[in-house]
Structure formats: structure tokens, C-alpha cells
Amino acid sequence: MNLDLLCFCHLRWNFVYQRPQHLLSKFSKTYRTFYFEEPEYTNEPDGYTINLNKDHVWIVVPHLQVNQTNSDTTERTREILDSLMEDLNINDSINWYYTPMALAFSSHLKPKLTVYDCMDELSAFKYAPPQLKAMEKQLMERADIVFTGGHSIYEAKKDQHENIHPFPSSIDKAHFGLARHILTEQEDQKNIPHPRFGFFGVIDERFDIELVRGAAEQKPDWQFILIGPVVKIDPQTLPKFPNIHYLGGKDYKDLPQYLAGWDVAIMPFAINESTRYISPTKTPEYLAGGKPVIATGINDVIKPYGVENLVHIVKDSAEFIAAGELELNNNDKKEWQTKVDSFIKNDSWDNTWLQMMQLIDITLKNSQNKLSSNTLKRKPVFDYLIVGAGFAGSVIAERLASQLNKKVLIIDKRDHIAGNAFDFYDKDGILVHKYGPHIFHTNSEDVFNYLGKFTSWRPYEHEVLTNVEGKLVPIPINLNTINQLYDLDLNSDQLEAFFEERAEKKSRIKTSEDVVVSKVGRDLYEKFFRGYTRKMWNLDPSELDASVTARVPTRTDKDNRYFTDTYQAMPAHGYTQMFSKMLSHPNIKIMLNTDYKEIMDMIPYKELIFTGPIDEYFNYCYGKLPYRSLDFKFETLDQANFQSKGTINFPNEHAYTRITEFKFLTGQEHNKTSIVYEFPKDGGDPYYPIPRPENGELYKKYLCLADSMANTYFTGRLATYKYYNMDQVVAQSLTLFKKLSQRGSVQTINEPLVENRIDIERKKMNLGAA
Ligand code: FAD
Ligand code: UDP
């Protein structure tokens, strides 16, 4: 479908180069883009002018004849719009609103998608039309997607739309970065002495002219350069001092040259209703130009720029002068500049545009899906499409089919069910796990009993030895470990004292290093954890969330078991058989070797449950969520046994982290034995979400998107980006099932809510929420 973009804006294109101009000049690469301005009044008959500008945007200016008999300007503007649509053959469009007022003459159109890019709380502005609020409500109802120009305005509007996303103003870094290198001065600025305090932007009721007046009066040697049009306020009310220079509006292309000549950039906004939600683009633009910034306390400037100490926040002229003096005497801006540069590193209009494009694509796709199942007038065969046949997908499929009589299609891009728990008999007839050793353990009776419907169990308590300085000793570290490692004969109390002596006390346990060092000290940490973790994650434990190494406890008794859960057992005939039973229900159809993207648009379904990577679902619109992967090397040896325990860990030598001998796990009798080596790597299949704060933040952005999707649910290790064990994923899907079954009048079944064990563990360890 060839789409055109039709933008309705209350600001003329050539007024100031701002958010609409930055964004539309990028959208014009993909869509034929029209910018429909407010009408001009002329003596000509009603009509419009149209010009293609250098940004490849068609600027349309409707003009209305003065003294016309028909005084209904809305109706006449609608007619002009209709003739534009006809003349230019605009059929399928994205209608993009900056002003809700434009709905008055455009609400009859039937666009493929309606976007509201809400830059400001327009109703708080001077001379705002009284009906603006009501029109905005209508636009919110009509819009398929809403963007906001900042975080404060997002917070204020987020409950008004389900597909709403904050996009604070960004920067044209290359453009404003020029200011760091420009030496030649603009004619009208070159004779103004230093120090210079400069501002560019619109000078209107939002400008704190009193602050500037006060500062200019008290500091007659400081020069104030104000660039920008004066609108909505009377120019006569502006202070006329010899050290305040009003240079008027300038071309966007010349702004870096003015900026280059300033000592300090300023943002004196009045703090009132009209500035409560603004997110000034100037902040990052000034910073990109390498200038220190003094601003008043605008919410979106305080957070993040003020709290990160990148910008001075002042409330009056006295504080302004104090900050100005500080900056004029600051000769070492290197550290501040490095911090600024790293802060604005990923900030660009290109990124904002790309992310918006992705969201538009997803929203268009969703509305087409809805449309196609409506237009086909075919009752969807499936109540649920479930993507991924691992634990997350298979459990929810089984519940929906068996308990709610739902028709389910479960698909997987792999050629088998069971996800990462898949096991099979290798060519010698030994049962092995294709994606590394999977040992089942849980404290949840509900999870254990639930899976017990599909398998009998073989009790198995896993033990692991770790190779430290040539000795094989048990891990988790316990009394046996220390006695064997150091040839000691300590008892539990003595071991307690032994750890106490070595432990480095920490006020807060934040990282994986803290967890271990605060319990057993640095030496044991280096021997057992540091090398293994660096190999496994390609990160130092100090760079990983505490929850990673907290999986492996420290004990003072002689318990050599890797896990202490109440239920420790393996499916007697393997995982794949268990899954096969789970999915063998007449309501469940299985489709393998199928990526969901191949069939999403072809198979009508009512609801979607997605268990693949959440970032993939959203086309990586916020960037990739990082994963750690593994290569597996399988060997079958012509001997009955290979090692003394199920797994041997290699913390400090070899490229692999561990070797597992499957017969321990499965209890299989065979005269040969199969083992697997695990080699950690980047890239490849996404196996391990990487628990770090910044990854958590990125995930939260995807979670926000996920929450705004109707009839779509995300569950499992990849879809919720959590380092979950199998039992936790089962619990998560059972919880989702409970939620789905409790909606509406659907009959509920007696399924207990299973608590999330990781959260319980974190609470126990005082680690706070994940
Ligand atoms: P998965 O099992 O990954 O299933 C997701 C499925 O979605 C996959 O089959 C995938 O092919 C499919 N999919 C993804 N994208 C698409 C798409 N676009 N279209 C169609 N299909 C798609 N847990 C334990 O409790 N004990 C252990 O001992 C243990 N050991 C582990 C060892 C290793 C090496 C690894 C990597 C994990 C281990 N785990 C263990 C964790 C366990 O594997 C997970 O908790 C569990 O498998 C998660 O199930 P899931 O359904 O969420 O994800
Ligand atoms: N770990 C370690 N040394 C070990 C075992 C584990 O440093 O001998 C750390 C390492 O960071 C590992 C984490 O503890 O990734 C969790 O170990 P677990 O055995 O639970 O990992 P998984 O089975 O999930 O790969």
C-alpha cells in the first residue's frame, strides 16, 4: 500500500525549525508528505498554494477569500482540503495532527492511521481556543497512536490512550555540534563584547523576562543575546537595556554560528501552567554545541539534565548570577563535557524517527489484522495463536485447551516441541539434552503436581564438582568444599568463623561480586566465581546484577546438592515425552518449522500469546535486548562412565564452563556415555537474558509497548526477559492462564496462583524488586 502522510499543524513551516520539521523531513523519505498549514486570508478566491521544499515536504497553505458570503471558514477549509486530496490523488493516508483543532475540517477523512504528536499542553497557552480540550478528547479517541513531546506531558496524558509513547525532543547533533568548531562570527553579533549569555527560541509568554531584566540590571557588563521572534506579547514590555540585544528570528542553519560565540547558553522560562509540560529542545542543542547551560526549573529539564548535573537550575536572577559567575570562572570543563557527550550519545532525531516508524508499522499491522479478520467475515478457527512450544507456550496451550475448551494453534520455528528443554536419543541411543543440561527442581507443589499430570518422575538430586587448583571439590561452597580444598577438618561453627574472618562487609548488595565477596571473601570469590562468571557472561561479576551469583548459595553444612528445593526429579521418560503428552489434546494443533511472521497475517485468531523474544516482536524498535548464548559440543565415549558427578565446572581454565554427563541426570543404563561441553558466546540463539540495570530499563520500554497491545500476551523467559528456571516459567504461564480464565464470564478452574520464586528469593536476600 502506498501511503501519504498528511500533517495538520498550527505553526507555519518557516516559523522556527522545530520538532515537526525535524520529524517530517525524515518521514518524507518514506511517505509523500504534506504539511497543511492554517489558512491565510487573501483577496483571491478560496484555494491553496503548494510548494515542495528542500526537505521534500509539500507545504500546503490554504487561502480564504476575505468578505466571502459563506462565513463558515471551517466548511470552506474542508472543501479546500478535499480539493487537495483529489488534485494530488491522496487516497491512503496517515493523518498526523499537531493540533486537535484541525479535526474540525478533517474529521470526515478516513485515514489508514491517525497519529497525534502531542508536543505541549496547548490548552494552557495564551489565546488557546476554549474548545481545544474537547477537541483533544475527540482526537485521543480517534488516534491509533499518540506520541508526546516529553515525559511530563506523557505522565499527564498516559491514561487517555492505550497506545501512547513518550518521545522527548531530540537533537540534530551534527548541526549544533558545529558550534564547537566555528570561529567566524555573525555580523550582528561580532561587536558585542563578552561575557555573552545567549538564548534562541520563541520569545512569548513562556519567557521569564523579569529574570533577564534583573540579571541584566545587576550585571551591566554581562551581555544578553536573545534570538527569536517575539510573539503573543507586546515587544514594548521587553526591557530596553544596552546589554540586552534582540537580534530577531534567525535561520535554523545559522544558529550554531551564533551559539559558537556565547559563553553560556540560557533557558529562562517562566514557571507557570504554560510551561508545566514543555520539553525544550534547546537543552540538548545547547549541550551538543558544548555550551554550559543555565535554566529555570522546567520539569523535563530538572529531570534528567538537572539531576545529572549537566545543567544549572536556578529560580531567580540572584541564583542566575551565582551560576553565571561559577561558569565564567570554570576553566576546566573537560569532565563535564565528557559526561554531557556520553549522555547525549544516542540522542538523535534519526533515532526518534526510526522508533516512531517501528511503532507506526506495528500499529498499522495490527489494525490491518483486525481489518482482515473482519473483512474476511470468517470466524477465526483458533481462539489462540501461541508462538513458541517451550514450557511457557505449551503450558498455556494445554490449560486453555483442556480447561476452557479453547481452540489453540501452537507454532515453533524449530523442528521440535519442548523449546530449550528438548531431549532426544542420539545415534547411540543415549538420551541427551539438545540445549544443554536441564535439571528439574522446584519448591512449588502446584508446579510439580501440574507437570506430574504428564509424566512420572525419577528422583534425582544434582551434584556439581568444581575444578579449583587441580582439585575437584563440591559447589555450592560448603563444609566439604573448604575442608577438601585446604585439607582442614573444620566443623560448621568453625566454618562460619572462617567465612566471617574473610568476608568483606557491604552496606548494600548490588552486584554479583558483592554477593560472594560479602559472604566468603575475595580469595574464594576469585577461585570459584570470578573466572567462571567472566567466561560465562563476558562481564565481570561487578557488572552483573546480584541475582546471578545469588543462584549459587554458600552453606556451612555438608550438603553437596546443587539445589535444595523440595521437589527434585527428572521426567522419567524425558522432557520431550512430557511435552508430547501435554500437547496431545484434540483442541491443540501444532505447526513446526514456522516463524510467526510467516503466518501472522494468514491465519485468523482471536488472541495471541507470544513466548519468543519480546524485542523481536517489536522489530527491535528500541534496540536489541542483549543475550548470552552457548555452543554445545557433544561427545559419545566408548566407556560406561566419564566423570564422578553429573556436572564438573571449570572456573579458571578451558574455554568451556562445564561438562555434563547425561546418564547421571537420566539414570539411563548404557555401555557408552554421552557428555556435553558448554562454550559461552555472544550472538547465536538467545539463551540467557543478561541481568543488568540498563537492560532492565530497555526491557521496561518494551513492556510498556506490550502492555498497550490489545489481545496480546507475553510470557516465558524470552518474552519477559527474565533469567527464569523451568519451574518459574511454568508458574508464570499458570498465572497467565488464571488471569485469562478470570476475564468476563468464562468459567474459572481451581488453579492456585503460583508465586514467583525469584521474587521470593530476592525478598529473602533483601535484593529488592527485580
Ligand atoms: P524456550 O524454551 O526458549 O521456548 C521459546 C520457544 O519459542 C523456542 O522453542 C523458540 O524456537 C520459539 N520461538 C522464538 N521465536 C519464535 C518465532 N519468531 N516464531 C516461532 N517460534 C519462535 N532451567 C531449569 O529449571 N533447570 C536447568 O537445569 C536449566 N538449565 C538450563 C541450561 C541452559 C543451557 C539453558 C539455556 C537454560 C536452562 N534452563 C534451566 C532454563 C530453561 O531452559 C528455561 O527456563 C525454559 O526453557 C524457558 O521456557 P520458555 O518456553 O520460556 O522458552
Ligand atoms: N557461577 C560461578 N561459578 C560456578 C557456578 C556458577 O561463578 O561454579 C556463577 C556464574 O556467574 C553463573 C551463575 O553463578 O552464571 C549461576 O549459575 P547456575 O549454575 O545457576 O547457571 P545456569 O545453570 O543457569 O547456567
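Whenever a residue of region 73-89 is under 14 Å from L5 (Cα atoms), its partners that are in a helix (DSSP H, G or I), lying with C-beta atoms within less than 9 angstrom and at least six residues away or across chains, give the pairs L81/F105; L81/S106. Looking across region 495-515, the residues that are open to solvent by less than 70 Å² (accessible area, probe 1.4 Å) and closer than 20 Å to E694 by Cα come down to I509, T511, S512, E513, D514, V515. Any idea which residue in region 518-543 is farthest from Q484 (Cα to Cα), counting only those that are more than 16 Å from ligand 1 (Cβ to nearest atom) and open to solvent by 50 Å² or more (accessible area, probe 1.4 Å)? Only one residue tops the list, namely E543. In region 628-656, the qualifying residues are those that are touching a Phe, Trp or Tyr at 6+ places or on another chain (Cβ under 6 Å) and hydroxyl-bearing (S, T, Y), and the one that is surrounded by the fewest Cβ atoms within 10 Å (Cβ to Cβ) is S629. A residue that is farther than 24 Å from H22 by Cα and either assigned to a loop (DSSP other than H, G, I, E, B) or under 42 Å from the mean Cα position of the chain (by Cα) (or both) can be found somewhere in region 252-261.
Determine, yes or no, whether I294 is open to solvent by 10 Å² or more (accessible area, probe 1.4 Å), in contact (Cβ under 8 Å) with a residue 60 or more places away in the chain and of a type in the set (V, I, T). In short, no.
Restricting I313, I278, I294 to those that are under 24 Å from F167 (Cα atoms), modelled with pLDDT under 95 and of a type outside the set (K, R) reduces the list to I278. Open to solvent by 40 Å² or more (accessible area, probe 1.4 Å), in contact with a Leu (Cβ under 7 Å, 6 or more places away or on another chain) and among the aromatic types (F, W, Y): does that describe Y35? Answer is no for this residue.
Whether any residue in region 664-673 is part of a loop (DSSP other than H, G, I, E, B), acidic (D, E) and open to solvent by 50 Å² or more (accessible area, probe 1.4 Å) is what I want to check. Checked against the condition, which is being part of a loop (DSSP other than H, G, I, E, B), acidic (D, E) and open to solvent by 50 Å² or more (accessible area, probe 1.4 Å), region 664-673 yields at least one hit.
Say whether the condition of being open to solvent by 30 Å² or more (accessible area, probe 1.4 Å) and modelled with pLDDT of 95 or more is met by at least one residue in region 256-264. Within region 256-264 (the criterion being open to solvent by 30 Å² or more (accessible area, probe 1.4 Å) and modelled with pLDDT of 95 or more), the answer is yes, since at least one residue qualifies. When each of G684, G623, G612, G667 is tested for being at pLDDT below 95 and more than 16 Å from ligand 2 (Cβ to nearest atom), the lone residue that passes is G623.
Of the helices (runs of 4 or more DSSP H) lying entirely inside region 146-249, the ones with 3 or more residues being surrounded by 14 or more Cβ atoms within 10 Å (Cβ to Cβ) are found at 151-157, 173-177, 209-218. Whenever a residue of region 699-710 is more than 16 Å from G612 (Cα to Cα) and assigned to a helix (DSSP H, G or I), it has no partner that is open to solvent by 20 Å² or more (accessible area, probe 1.4 Å) and modelled with pLDDT of 85 or more lying with C-beta atoms less than 8 angstrom away and at least six residues away or across chains. Of the set (1) assigned to a strand (DSSP E or B); (2) open to solvent by less than 40 Å² (accessible area, probe 1.4 Å); (3) within 25 Å of T466 (Cβ to Cβ), all apply to Y713 but (3). For region 566-577, the criterion of being open to solvent by less than 40 Å² (accessible area, probe 1.4 Å), among the hydrophobic types (A, V, I, L, M, F, W, C), within 23 Å of the chain's Cα centre (by Cα) and under 25 Å from I475 (Cβ atoms) is met by none of the residues.
The values are calculated or read from the model by the stated rules, or taken from the named source; none is laboratory data. Here the structure is a predicted model, which means the values were calculated and not measured. Because the Cβ atoms are built from the backbone with ideal geometry, glycine has one as well, and the counts that use them run over all protein chains shown. For the accessible areas, the whole protein counts, side chains as well, though only heavy atoms, and no ligand, DNA or RNA atoms are used. Shrake-Rupley method; radii C 1.70, N 1.55, O 1.52, S 1.80 Å.
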